[in-house]
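Structure first, commentary second.
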Amino acid sequence: MLNINEFRKYGHQFVDWMADFYENIEDFPVKSHVKPREIYDQIPENPPQQGESMDVIFNDFQKIILPGMTHWQSPNFYAYFNANASFPSILGEMLSAALGAQCMKWETSPAATELEEKVTDWLKEILGLPVNFHGVIHDTGSTSTLCAVLTAREKYSGYQVNKQGVSSFNHLRFYCSTHTHSSVEKAIRIAGIGSENLVLVETDDQFRLKPGLLEQAIENDIQNGEKPCCVIATLGTTSSTAIDPLEKIAKICAKFNVWLHVDAAQSGSALALTEYRWMIKGIEQADSFFFNPHKWLFTNFDCSVYYAKDKEALLKTFQMVPEYLKTKSDNQVNNYCDWGIQLGRRFRGLKLWFVLRNFGVEGLQQKIRFHISLAKKLEEKIKNDPDFELTAPRSVNLVCFRFKPTNLQTDVEINKLNEKLLHELNGTGKVYLTHTKLNGKYTLRMVTGQTNLKEKHVDAAWALIKECAGNL
Ligand code: PLP
């Protein structure tokens with residue numbers, strides 16, 4: 001095992017490597033080109049019996065592992081939604097790894113709990129969220145939504161499902177749009193609600209949930225003896241960043257006394273800009289809300305910030321205090337292990353604190369606003385190009401489009417061509433985009449949200465798209 005002097009030596013060496021990596025990241029193919037099992041087969045069948053030197057291990061990291069990595073931190077990464085790192089965040093992660101603390105209860109690291117309270121409070125101010133929300137940091141958006149679904153279920157059932165099991169409380173109904181992220185259905189399955197009790201409400205021509213249909217669905221369910229429990233609204237859907245009409249949805253939830261959960265996974269970061277606050281009109285009605293700083297707030301994966309209005313309901317859903325976890329401060333502090341699924345918790349607040357302080361609110365606003373301006377410019381170029389068309393309106397930093405040369409007529413032909421275009425583009429190693437289908441149209445998605453993205457990258461990507469499309 002490394003001794004303290006070697007640890008110091010390699011620590012310095014690795015930080016140098018990290019800085020070089022970021023300086024040269026554009027030399028790597030954005031999307032890894034390795035074939036299935038190519039990495040696995042290069043790693044010895046059996047673990048080493050004797051310890052190996054760090055030089056040998058690090059050499060293998062560079063030789064075997066690096067070619068099998070897709071470079072999410074490349075400014076040429078436009079796929080999915082970003083999972084952004086930034087230098088202050090990486091340094092925060094390093095310190096958190098060095099502390100190696102288990103931050104489950106206040107007593108197991110008071111600073112971790114109190115910093116988590118503070119940064120989630122700061123974020124309420126930064127995003128314009130209600131002051132009566134209580135914040136906690138989870139690993140992912142999927143966990144945040146699962147916590148919301150479980151709490152909604154428990155509150156509705158008078159905390160009986162936790163005691164008697166799901167069969168004691170049938171017919172609970174949940175509602176979301178057909179464009180809601182799959183993590184919602186997954187949560188519904190895990191919570192024992194059953195996918196058939198997730199009502200998918202149709203969307204309008206901009207892929208936003210139709211409130212009229214939501215209201216009708218709830219009314220029908222009540223008439224049929226079902227129990228409307230929770231609505232999930234999305235601010236920035238995964239396919240096209242559609243923004244569900246929160247204010248109208250909130251009114252319907254209030255009318256039927258139904259839990260309102262808001263998924264703002266990626267696009268929630270845009271709330272740092274006051275000009276985007278229209279998205280959360282009606283948020284005071286929401287019972288829970290989350291967004292992922294690990295997407296578009298320059299904080300390393302994982303970091304999902306979840307807010308609950310009713311702290312008591314949250315605790316009644318999740319709190320378990322076996323004897324060995326009782327502490328004398330239990331009545332005076334927040335013990336975040338009681339706020340969610342896991343007992344053991346990472347010190348995620350540290351990297352977030354570093355990001356918020358090092359960027360400053362204005363720094364964050366500048367970057368987010370800049371990313372949105374890049375998307376807007378790209379959107380204009382696509383609008384003005386007769387061989388391309390937008391397939392969805394742009395709300396923040398995602399542009400949805402397709403190649404549509406005038407000689408092709410049917411969607412089947414155009415879809416095939418765009419699928420080919422996507423593979424061609426990603427095969428160049430110069431960019432990485434992903435796709436979706438919108439109204440049956442195979443759509444290329446280009447997210448302008450990478451931490452180090454500049455205008456020249458988007459210009460080069462657009463030139464490459466035109467060139468590849470021209471060669472098809
Ligand atoms: N909600 C939306 C709108 C998303 O786009 C995503 C992921 O992209 C999620 C939820 C799930 O987030 P996570 O990957 O953190 O579980």
Legend entry - Pick from segment 35-84, criterion part of a helix (DSSP H, G or I), open to solvent by less than 80 Å² (accessible area, probe 1.4 Å) and in contact with a helix residue (DSSP H, G or I) (Cβ under 7 Å, 6 or more places away or on another chain), ranking: nearest to the ligand (Cβ to nearest atom): I64
Inset, instruction - Would you mind telling me which numbered condition in (1) outside any loop (DSSP other than H, G, I, E, B); (2) in contact (Cβ under 8 Å) with a residue 40 or more places away in the chain; (3) among the small types (G, A, S) S329 fails? - result: (1)
Legend entry - Residue that is small (G, A, S), in a helix (DSSP H, G or I) and over 20 Å from H294 (Cα atoms), where the choices are A97, A101, A111: A111
Inset, instruction - State whether the residues of segment 189-207 include one that is among the acidic types (D, E), in a helix (DSSP H, G or I), surrounded by fewer than 21 Cβ atoms within 10 Å (Cβ to Cβ) and more than 16 Å from the ligand (Cβ to nearest atom). - result: yes
Legend entry - Criterion violated by N224 - all others in (1) within 25 Å of E312 (Cβ to Cβ); (2) out of contact with any helix residue (DSSP H, G or I) (no Cβ under 6 Å at 6 or more places or on another chain) satisfied: (1)
Legend entry - Cβ-Cβ under 6 Å pairs, at least 6 apart or on other chains, segment 1-12 side within 16 Å of M94 (Cβ to Cβ), far side assigned to a helix (DSSP H, G or I): Y10/M54
Inset, instruction - Report, by residue number, each residue of segment 206-250 that is in contact with an Asp or Glu (Cβ under 7 Å, 6 or more places away or on another chain), under 29 Å from V447 (Cα atoms) and free of Cβ contacts under 8 Å to residues at least 40 places away in the same chain. - result: R208, K210
Legend entry - Among residues of segment 331-343, those that are surrounded by fewer than 16 Cβ atoms within 10 Å (Cβ to Cβ), more than 16 Å from the ligand (Cβ to nearest atom) and modelled with pLDDT of 95 or more, counted: 3
Legend entry - Residue list for segment 282-296, restricted to those being away from the ligand (no atom under 13 Å from the Cβ), open to solvent by 10 Å² or more (accessible area, probe 1.4 Å) and either part of a strand (DSSP E or B) or touching a residue at least 40 places away in the same chain (Cβ under 8 Å) (or both): E284, D287
Inset, instruction - Keeping to segment 29-63, report how many residues are without any contact (Cβ under 8 Å) to a residue 60 or more places away in the chain and closer than 23 Å to L425 by Cα. - result: 5
Inset, instruction - From (1) of a type outside the set (F, W, Y); (2) farther than 30 Å from R445 by Cβ; (3) free of Cβ contacts under 8 Å to residues at least 40 places away in the same chain, pick out the condition that doesn't hold for E107. - result: (3)
Inset, instruction - Mind listing whichever residues of segment 154-168 are among the β-branched types (V, I, T) and either surrounded by fewer than 19 Cβ atoms within 10 Å (Cβ to Cβ) or within 15 Å of the ligand (Cβ to nearest atom) (or both)? - result: V166
Legend entry - For S267: the one exception among (1) without any contact (Cβ under 8 Å) to a residue 60 or more places away in the chain; (2) surrounded by 24 or more Cβ atoms within 10 Å (Cβ to Cβ); (3) polar (S, T, N, Q): (1)
Legend entry - Selected residue (only one of E389, E467, E419, E413 is open to solvent by 10 Å² or more (accessible area, probe 1.4 Å), charged (D, E, K, R), touching a strand residue (DSSP E or B) at 6+ places or on another chain (Cβ under 7 Å) and not in a strand (DSSP E or B)): E419
Inset, instruction - For I218, state whether it is within 16 Å of the ligand (Cβ to nearest atom) and either part of a helix (DSSP H, G or I) or open to solvent by less than 10 Å² (accessible area, probe 1.4 Å) (or both). - result: no
Legend entry - Count of segment 394-410 residues which are of a type outside the set (S, T, N, Q) and surrounded by fewer than 16 Cβ atoms within 10 Å (Cβ to Cβ): 2
Legend entry - Residue ID - nearest to the ligand (Cβ to nearest atom), chosen from residues in segment 242-257 that are closer than 30 Å to N84 by Cβ and open to solvent by 10 Å² or more (accessible area, probe 1.4 Å): I243
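Here is a yes/no grid of residues against (1) of a type outside the set (D, E); (2) within 16 Å of the ligand (Cβ to nearest atom):
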| site | (1), (2) |
| --- | --- |
| F133 | yes, no |
| D139 | no, yes |
| T143 | yes, yes |
| A152 | yes, no |
| N170 | yes, no |
Inset, instruction - State whether one or more residues within segment 258-268 are more than 16 Å from the ligand (Cβ to nearest atom), assigned to a loop (DSSP other than H, G, I, E, B), at pLDDT 95 or above and of a type in the set (V, I, T). - result: yes
Legend entry - Subset of segment 224-241 that is within 16 Å of the ligand (Cβ to nearest atom) and among the small types (G, A, S) - its residue that is surrounded by the most Cβ atoms within 10 Å (Cβ to Cβ): A233
Legend entry - Residues of segment 297-312 satisfying the condition of being open to solvent by less than 10 Å² (accessible area, probe 1.4 Å), within 13 Å of the ligand (Cβ to nearest atom) and within 15 Å of N84 (Cβ to Cβ): L297, T299, C303, S304, V305
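The values are calculated or read from the model by the stated rules, or taken from the named source; none is laboratory data. The structure displayed is predicted, hence computed values, not measured ones. Quick reminder, even Gly has a Cβ in these numbers, built from the backbone with ideal geometry, and neighbours come from all protein chains shown. The accessibility values were calculated without ligands, DNA or RNA, using every heavy atom of the protein model including side chains. Shrake-Rupley method; radii C 1.70, N 1.55, O 1.52, S 1.80 Å.
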